[in-house]
Amino acid sequence: MTGDEQSTTLSAVARLLSAAERALFITGAGLSADSGLPTYRGIGGLYADADTDEGMPIEEALSGPMLATRPELTWKYLWQIGSAVAGGRFNRGHEVMAEIERARPETWVVTQNVDGFHLDAGSKNVVEIHGNAGELECTACRERSTAQELLAGYEGEVPLPPRCATCDGLIRPRVVLFGEMLPDEAVARLGIALERRDLVLVVGTSALFPYISGPVMSARACGIPTVEINPARTELSDLVEHRLPMRAAEALERIWSPGA
Ligand code: NAD
Ligand code: ZN
């Protein structure tokens, strides 16, 4: 894409956004890459060409069956995610989406990210479809706690996998691991988020899950404008009406004029 083509697309998307009352943003790890959090796949992905230290794909290490059989291994990678989240903060891209929601209250975000940055940045209509890494739960007694409480309970390193202080059960984060079902509540909220959209923007995701690519495909089929923001191509790239091969924070900053 030439510089001219990019400017033309930026202007076209900015016009669509300023006219939209009910935009839907679908976001993935690439958005938080601009906060310094590594993605798994695509540009700058930790596991784009490699397996984990244990020689298995990250999807296997971070799966429900692996948590059940080798919880210490799953927790090793959960801990990496948690540490990156704890050391990071939302970026301009998250802020822009929160600003858009303040101006247009029917704006929604569906995110695959478990970092909580959309909520931290002030968005309220957020579906964290894969949960939130900061929320923990005992797999035996279901007692809930937070990552901060877990850290506060130990002077030095937290032994992995962490165990429940009440019943010694295995603690897990309230996130959807690979191979697990989406929680019913998230599915119900996803339904609300997808209702009556007038613009769909998919930002920083490799869009491998059908519940992520599906809404973009059906928007396209219904004539609702669709936009992809991602420096790399994905399976959605040929399908969307407008493609911005740019970093998320920069593209979002450039398509939104406050007061529009
Ligand atoms: P992914 O790692 O599969 O894909 C990331 C995508 O972002 C790629 O297409 C890449 O080209 C793009 N990208 C990289 N840098 C970008 C940037 N600066 N701006 C815009 N796009 C950029 O991530 P996914 O599609 O979200 O799916 C992977 C799964 O991993 C999800 O389930 C997610 O929950 C989880 N995950 C979450 C986090 C997080 O919470 N921040 C981080 C890593 C993985
Ligand atoms: Zn317990």
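The values are calculated or read from the model by the stated rules, or taken from the named source; none is laboratory data. None of these values were measured; they are calculated from a predicted model. Heads up, the Cβs are rebuilt from the backbone with ideal geometry, glycines too, and the neighbour counts pull from every protein chain shown. Keep in mind that these areas ignore ligands, DNA and RNA; they rest on the heavy atoms of the full protein, side chains included. Shrake-Rupley method; radii C 1.70, N 1.55, O 1.52, S 1.80 Å.
For the range 163-193, the candidate set comprises residues that are part of a loop (DSSP other than H, G, I, E, B) and within 16 Å of ligand 2 (Cβ to nearest atom); within that set, the residue that is modelled with the lowest pLDDT is ALA165. So is ARG254 among the basic types (Lys, Arg), closer than 18 Å to GLY28 by Cβ, away from ligand 2 (no atom under 16 Å from the Cβ) and touching a residue at least 12 places away in the same chain (Cβ under 8 Å) or not? Here the answer is no, as ARG254 does not meet what is asked. Taking the range 214-260 as the search range and keeping residues that are of a type in the set (Ser, Thr, Tyr) and within 24 Å of SER35 (Cα to Cα), which one is modelled with the lowest pLDDT? By that ranking, first place goes to SER257. Among the residues making up the range 148-157, those that are within 16 Å of ligand 2 (Cβ to nearest atom) and open to solvent by less than 90 Å² (accessible area, probe 1.4 Å) are LEU150, GLY153. Is it the case that ARG163 is farther than 30 Å from ALA23 by Cα and within 16 Å of ligand 1 (Cβ to nearest atom)? No: the conditions fail for ARG163.
Before we move on, is ALA207 open to solvent by less than 10 Å² (accessible area, probe 1.4 Å), touching a helix residue (DSSP H, G or I) at 6+ places or on another chain (Cβ under 8 Å) and near ligand 1 (Cβ under 10 Å from one of its atoms)? Spelling it out, ALA207 is indeed open to solvent by less than 10 Å² (accessible area, probe 1.4 Å), touching a helix residue (DSSP H, G or I) at 6+ places or on another chain (Cβ under 8 Å) and near ligand 1 (Cβ under 10 Å from one of its atoms). For the condition open to solvent by less than 40 Å² (accessible area, probe 1.4 Å) and either closer than 30 Å to ALA14 by Cα or in contact (Cβ under 8 Å) with a residue 60 or more places away in the chain (or both), VAL176 does not qualify. For the range 213-227, the set of residues classified as on the phi < 0 side of the Ramachandran plot and surrounded by fewer than 21 Cβ atoms within 10 Å (Cβ to Cβ) consists of SER213, GLY214, MET217, SER218, ARG220, ALA221, CYS222, ILE224, listed by residue number.
Residue by residue, here is whether (1) within 12 Å of ligand 1 (Cβ to nearest atom); (2) over 20 Å from PHE209 (Cα atoms) holds:
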residue	(1), (2)
LEU37	yes, yes
TYR40	yes, no
TYR47	yes, no
SER63	yes, no
PRO71	no, yes
GLU101	no, yes
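Scan the range 105-112 and tell me whether some residue there is closer than 30 Å to ALA165 by Cβ, open to solvent by 40 Å² or more (accessible area, probe 1.4 Å) and either more than 16 Å from ligand 2 (Cβ to nearest atom) or among the hydrophobic types (A, V, I, L, M, F, W, C) (or both). Within the range 105-112, none of the residues are closer than 30 Å to ALA165 by Cβ, open to solvent by 40 Å² or more (accessible area, probe 1.4 Å) and either more than 16 Å from ligand 2 (Cβ to nearest atom) or among the hydrophobic types (A, V, I, L, M, F, W, C) (or both).
Of the residues examined, LEU119 is one that is within 16 Å of ligand 1 (Cβ to nearest atom), open to solvent by 70 Å² or more (accessible area, probe 1.4 Å), part of a helix (DSSP H, G or I) and not basic (Lys, Arg).
The sole residue among ARG102, ARG142, ARG70 that is within 16 Å of ligand 2 (Cβ to nearest atom) and out of contact with any Asp or Glu (no Cβ under 8 Å at 6 or more places or on another chain) is ARG142.
Of all residues in the range 29-62, those being within 22 Å of GLY116 (Cα to Cα), open to solvent by 50 Å² or more (accessible area, probe 1.4 Å) and not in a loop (DSSP other than H, G, I, E, B) number 1.
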